[in-house]
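The values are calculated or read from the model by the stated rules, or taken from the named source; none is laboratory data. Just so you know, these numbers come straight off a predicted model, no measurement behind them. All Cβ positions, glycine included, derive from the backbone under ideal geometry; neighbour counts span all protein chains shown.
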Amino acid sequence: MEFNYFFTKENITFILATIGSIGTIYTLISAAIFQRVNFSMRLHMYHYKNNQLLIYASFENHSRLSLSITGISAIYDGVSYPCLYQSISVCEHERRIGGKIVSRKEDFSISLPINLSSLAGTSGYLYFDMLPDTYPSDAKTLTVQVSTNRGKAKKMILPVDC
């Protein structure tokens, strides 16, 4: 008789509701703490000439949610200069043997948006056009602003060690 006293319909409903509430609270806390936007950007090549900036950069998504990088801008003297969104040819490589071209390869800039799945990365060329004449060609750091589909834009000061 005492065993059936604890397993009433109301008690079972209460236990299931409590377990569901604990699961919901855990999901909300883990999403806020562990699933936040967490990505990094590194510069591998930096070249400025004739008001054009070419950067070879890598991006890593350290979070468990996918991420889209929707915009990248170089910031100089408080002015934002966005990179080109469409892919264009940024450099060509030719291999010759005896004056004859045996292979030819074109490298293209990465097109935006850059979609990164969870815990993934990618790399590519970023092309910035119409920069001012006073832009430094031998900068030690580069300030960029990266916009994503999750949250506000992130401003980063990246070392130029290339």
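Things to note:
- Tally, over region 139-162, of residues that are touching a strand residue (DSSP E or B) at 6+ places or on another chain (Cβ under 8 Å), in a loop (DSSP other than H, G, I, E, B) and not acidic (Asp, Glu): 7
- Residue satisfying condition, being surrounded by fewer than 14 Cβ atoms within 10 Å (Cβ to Cβ) and either hydrophobic (A, V, I, L, M, F, W, C) or not in a strand (DSSP E or B) (or both), within set Ser63, Ser118: Ser118
- Per-region count, region 1-50, residues part of a loop (DSSP other than H, G, I, E, B), in contact with a strand residue (DSSP E or B) (Cβ under 9 Å, 6 or more places away or on another chain) and at pLDDT 80 or above: 1
- Of all residues in region 130-151, those that are under 21 Å from the mean Cα position of the chain (by Cα), modelled with pLDDT of 85 or more and of a type outside the set (Val, Ile, Thr) total 4.
- Residue in region 80-91 that is without any contact (Cβ under 8 Å) to a residue 24 or more places away in the chain and touching a Ser or Thr at 6+ places or on another chain (Cβ under 6 Å) present: no
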